[in-house]
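To start, the structure itself, in structure tokens.
The values are calculated or read from the model by the stated rules, or taken from the named source; none is laboratory data. Owing to the predicted nature of the structure, the values given are computational and were not obtained by experimental measurement. In this analysis, Cβ positions are derived from the backbone assuming ideal geometry, glycine residues included, and neighbour counts consider all displayed protein chains.
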Amino acid sequence: MVVGETPIKGAARPFASPTGAHVRGLVEKYWQGPVAYDYAIKCSAPGKAKSKDAAKPIKECRPFLTSVIDTVQPMRVLAVGSWAILGLLGRSPDMDSIRRGYGWIRGGVPVFYVEDSLKALQNKFIRKRYEEDVKWALTVAAPTPSHLDGIVHVVDTVDDAEAAYERINEYDEIVFDVETAGIPHGEDFTVLCAGVAVMDTLESDAWVWSEQGLREPAARAILRRLLETKLVAGSNIKYDAIAAEQCLGIDIKRVSLDTQIVHKLAEPTSMGRLDYASELVGMGGSKEEAQIALKKAIAHTRLKKERPGNKPHSHWCSQAIRAGAPGGTAMNYAYGLIPDNVLWRYNGRDVLASATVALHLRERTERTAPHEMKLWDSLMRPAIRSFKRIERVGIQADRQGFESFSASLHIGLDELREGFKTYGKDFNPNSPDQVAKVLFKDLGFKPSEMTAGGKPSTDKSVLEHMRGLHPFVDQILEFRRLEKLDGTYAAGMIEHILSDGRIHPTFRLDGTETMRISSENPNGQNIPRAETREGKMARDGFIASPGRILVELDQSQIELRVAAGMSGDPEMIAIYKSNLDYHLRTAQLISKVVWNKTEDAVGEFERSYSKTVNFGLLYGKTDYGLSQQLGCSVQEAAAVRQAILGRFKKLAAMIKRMLYNVRSTGHVEIPWFDGAHHVRPLLEVGGHDDYKKQNAENSSINTPIQGRAAMYTVAAIPKIHDWIDDNCVPAEIVNTVHDSIILDVEPEAVDEVIENSTRIMTSFDCWGVPLVVDAKAGDRWGSLRKIKHGERFADAQVRWAAEALRASSL
DNA sequence: GGAATGAGCGCC
DNA sequence: AAAGGGCGCTCATTCC
């Protein structure tokens with residue numbers, strides 16, 4: 001039986017639309033027996049096409065669909081599109097996250113998931129993938145129903161724990177998952193229960209240590225013995241490892257697999273979430289009970305009162321109420337509100353689903369994408385332990401520094417707010433709509449650009465062009481700048497300082513499409529640069545631990561070096577091998593052609609042109625874009641670009657080759673070592689949307705370069721940790737920003753940290769191009785000073801003092 | 001009154 | 001017609 005989303009109005013038979021006909025064709029090709037066709041919606045008219053209103057009629061139609069199924073008695077069902085899944089199973093997971101997944105309807109009939117988007121099928125790559133998926137759904141052997149409800153043993157006592165150990169110890173690899181309440185690294189962070197399952201298809205038992213079991217020292221010791229000796233898998237296992245370490249004093253030493261990360265490596269457009277990944281193994285929907293309980297719990301906190309009838313956990317309840325408004329971190333506390341038996345059952349199911357998903361993803365990824373498993377093993381797996389450590393350590397914050405920064409910003413903000421009263425008593429300068437009204441109605445300016453939503457744009461580039469035409473323009477620009485600084489980097493940052501006086505951002509190892517790491521809560525990777533007065537104040541809020549020194553190690557021009565190495569361009573490589581100023585040298589190489597100047601006559605002006613174009617090349621920037629940035633004519637920008645590509649012929653060839661490859665395969669590769677690489681699909685290159693196509697093509701050039709560059713830092717970090725541990729060096733890594741690593745170091749260890757971290761960071765091969773690391777040190781992030789290559793920290797300090805003296809005597 | 005989205009902008 | 005890749009956060013607004 002094939003179930004689609006909605007029938008076409010007035011169609012003579014089901015599946016008559018172009019997509020429908022396509023499905024029909026495939027079904028007739030691959031399925032020999034009789035076929036029934038139906039839809040998720042039929043008893044009431046659907047709302048607007050593809051709108052969210054559709055969920056209601058679909059749910060109303062479910063009983064009818066069920067009765068049809070009872071009559072048809074299908075052997076298997078194809079659910080074409082997420083609405084069809086909603087109609088059949090009552091949930092609508094993200095289609096990209098459940099490719100080659102299936103669920104069950106009554107009577108153990110499997111439902112295979114297939115995407116449905118007429119538009120997407122016009123893309124040759126998506127169409128091919130789709131056809132393969134339909135073929136799979138029709139020809140794969142019907143799976144055996146997996147036990148959705150394994151046995152969940154609650155571990156309260158030592159006896160329980162010993163019985164659990166007896167069973168679990170039979171296996172080398174286990175799965176671990178905690179439920180928590182509170183903010184990680186914060187004072188009240190608590191493990192509410194901790195579940196363990198074994199990585200074996202034959203086992204369907206889970207053991208859940210209750211709070212009581214975790215409190216009991218001997219029962220907890222048994223959990224520790226398991227977690228510290230076995231291979232441990234999980235979903236976002238870094239989180240569970242942090243909780244285990246902070247709350248239980250348990251150090252998970254050997255992570256074997258993370259379902260989120262491996263899923264995202266193998267299926268980059270998926271979301272990696274366990275509730276979706278469970279659909280890959282026929283275990284979808286297991287989170288429903290807990291999600292209902294969580295919703296109820298949160299709803300009760302909204303009543304702004306403790307909830308007497310449920311779980312009398314007044315601490316979490318009051319915390320949830322406090323956190324509820326605004327911003328909504330109430331979820332951090334919500335698990336503390338749901339009844340124990342629900343929580344344990346949920347945790348047990350989760351850990352069983354994780355085990356099944358982990359086994360499935362490992363087998364599937366090793367078979368279909370061994371390069372991704374190699375990348376997991378060689379790069380990501382070691383990184384988990386390191387990033388757990390960085391998150392646990394956090395970075396020292398200067399609360400008073402942030403407070404005075406905020407206060408200084410408020411002086412300017414208050415003044416500007418006062419001035420804005422001219423434009424109306426309730427004028428809100430934060431509102432783009434209201435700003436647009438003043439500019440384009442009251443002041444009579446003509447809108448030059450529109451936003452995606454069709455409103456007149458008031459963004460920075462628009463306002464920059466209007467600078468000086470009216471004081472209001474400059475005032476808004478300044479207001480936005482100060483608001484951003486205060487909201488995110490001054491007052492906003494204070495919210496993130498925990499009781500240990502430190503800020504603990506979370507790093508997402510699967511947070512980007514290019515293998516860069518992302519950072520959140522707060523984002524420690526977009527703190528303003530220290531070059532401006534305010535930027536310096538923002539970074540100065542991040543300081544060394546008492547008595548220590550911050551050391552920042554920066555990969556110098558890593559992306560250009562990667563481009564040089566990856567393309568094998570001899571001219572580019574020669575520049576780096578002779579340790580010249582890359583942008584200056586580029587300007588010199590093209591000086592005759594572009595400016596009709598000798599190499600000697602090339603100065604800062606020409607250098608800056610080259611620099612802009614050099615970076616623009618890596619991003620696929622157009623001549624128009626370059627000219628805008630340089631403030632020159634399009635012709636001039638084009639001349640510089642062509643001159644550089646004329647000189648760097650193999651770079652030009654690589655760019656061409658990348659475009660050719662992505663257009664023919666629909667994906668790009670980020671290479672690492674020993675057969676490990678990551679494949680990023682860029683299927684939009686096969687579509688008909690020119691904008692998206694252009695975007696995907698630009699990404700095809702940028703992705704391998706950005707990705708490979710980022711991998712060097714990710715790979716260096718665990719090695720630096722190993723060196724620190726092996727030598728008992730008083731130093732900790734406290735942050736990383738794509739191509740730089742920041743350490744918090746005892747003063748006497750600064751020299752060895754710089755020397756050895758640099759050695760590690762430059763130890764990787766970049767196709768023969770030398771890697772170079774620059775070092776800076778100081779006691780505040782905004783006030784770091786450069787330490788020359790080979791210079792000793794003590795000598796640098798003397799030099800800085802002398803320079804400061806000279807500066808002050810001037 | 002929360003969730004989702006859009007605009008805008010900070011970093012590499 | 002837009003016009004450089006990759007992110008996350010904040011505020012306003014809209015939707016439900």
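Filter region A:520-532 for residues that are without any contact (Cβ under 8 Å) to a residue 60 or more places away in the chain and either in contact with a Cys (Cβ under 7 Å, 6 or more places away or on another chain) or within 12 Å of DNA strand B (Cβ to nearest atom) (or both) and give the result.
Step one: of region A:520-532, the residues without any contact (Cβ under 8 Å) to a residue 60 or more places away in the chain are A:520-523, A:526, A:528-529, A:531-532.
Of everything in region A:520-532, those that are without any contact (Cβ under 8 Å) to a residue 60 or more places away in the chain and either in contact with a Cys (Cβ under 7 Å, 6 or more places away or on another chain) or within 12 Å of DNA strand B (Cβ to nearest atom) (or both) turn out to be A:Glu520, A:Pro522, A:Asn523, A:Asn526, A:Pro528, A:Arg529, A:Glu531, A:Thr532.
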In region A:692-711, what residues are under 14 Å from A:Tyr619 (Cβ atoms) and within 13 Å of DNA strand B (Cβ to nearest atom)? A:Asn702, A:Thr703, A:Ile705, A:Gln706, A:Gly707, A:Ala709
If you go through region A:383-405, how many residues are buried (at least 17 other Cβ atoms within 10 Å of the Cβ) and farther than 18 Å from A:Ser519 by Cα? 4
Can we say A:Ala796 is free of Cβ contacts under 8 Å to residues at least 24 places away in the same chain, surrounded by 15 or more Cβ atoms within 10 Å (Cβ to Cβ) and aliphatic (A, V, I, L, M)? yes
Being in contact with a strand residue (DSSP E or B) (Cβ under 9 Å, 6 or more places away or on another chain) and more than 16 Å from DNA strand B (Cβ to nearest atom) is the requirement here; does A:Lys230 meet it? yes
Could you say which residue among A:Ser556, A:Ser567 is away from DNA strand C (no atom under 16 Å from the Cβ) and in contact with a helix residue (DSSP H, G or I) (Cβ under 6 Å, 6 or more places away or on another chain)? A:Ser567
Picking from A:Gly324, A:Gly328, A:Gly309, which residue would you name as being in contact with a Lys or Arg (Cβ under 7 Å, 6 or more places away or on another chain) and modelled with pLDDT under 70? A:Gly324
State which residue is surrounded by the most Cβ atoms within 10 Å (Cβ to Cβ) when the search covers only region A:580-629 and only residues that are over 35 Å from the mean Cα position of the chain (by Cα) and not in a helix (DSSP H, G or I). A:Val602
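Kindly provide the set of residues from region A:528-538 that are within 20 Å of A:Ile411 (Cα to Cα) and of a type in the set (D, E, K, R), ordered by number. Write out each step before concluding.
First, pick out the residues of region A:528-538 that are within 20 Å of A:Ile411 (Cα to Cα): A:528, A:532-538.
The answer is A:Arg533, A:Glu534, A:Lys536.
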Does A:Ala233 fit the bill of being over 23 Å from A:Pro382 (Cβ atoms) and either not charged (D, E, K, R) or not in a loop (DSSP other than H, G, I, E, B) (or both)? no
Any hit, region A:595-617, residues being over 22 Å from A:Pro704 (Cβ atoms), within 16 Å of DNA strand B (Cβ to nearest atom) and of a type outside the set (Asp, Glu): no
Scan region A:529-551 residue by residue and report those that are surrounded by 21 or more Cβ atoms within 10 Å (Cβ to Cβ) and either in a strand (DSSP E or B) or aliphatic (A, V, I, L, M) (or both). A:Met537, A:Ala538, A:Phe542, A:Ile543, A:Ala544, A:Ile549, A:Leu550, A:Val551
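Every residue, every condition in (1) under 14 Å from A:Glu179 (Cβ atoms); (2) surrounded by 19 or more Cβ atoms within 10 Å (Cβ to Cβ); (3) aliphatic (A, V, I, L, M), yes or no:
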| residue | (1), (2), (3) |
| --- | --- |
| A:Ile252 | no, yes, yes |
| A:Gln260 | no, yes, no |
| A:Leu265 | no, yes, yes |
| A:Thr269 | no, no, no |
| A:Ala277 | no, yes, yes |
| A:Met283 | no, yes, yes |
| A:Ile292 | no, no, yes |
| A:Lys295 | no, no, no |
Please state which one of A:Arg657, A:Arg680 is assigned to a helix (DSSP H, G or I) and either without any contact (Cβ under 8 Å) to a residue 60 or more places away in the chain or under 20 Å from the mean Cα position of the chain (by Cα) (or both). A:Arg657
Would a scan of region A:42-61 turn up a residue that is modelled with pLDDT of 80 or more and assigned to a loop (DSSP other than H, G, I, E, B)? no
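Filter the helices (runs of 4 or more DSSP H) completely within region A:397-487 down to those with at least 2 residues that are more than 14 Å from DNA strand C (Cβ to nearest atom). Before the answer, list the steps.
Values: elements: A:399-420, A:432-437, A:460-465, A:471-484.
In region A:397-487, the matching helices (runs of 4 or more DSSP H) lie at A:399-420, A:471-484.
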Subset of region A:503-542 [more than 8 Å from DNA strand C (Cβ to nearest atom) and in contact with a Phe, Trp or Tyr (Cβ under 7 Å, 6 or more places away or on another chain)]: A:Phe507, A:Leu509, A:Ile517, A:Ile527, A:Pro528, A:Met537, A:Ala538, A:Arg539, A:Asp540, A:Gly541, A:Phe542
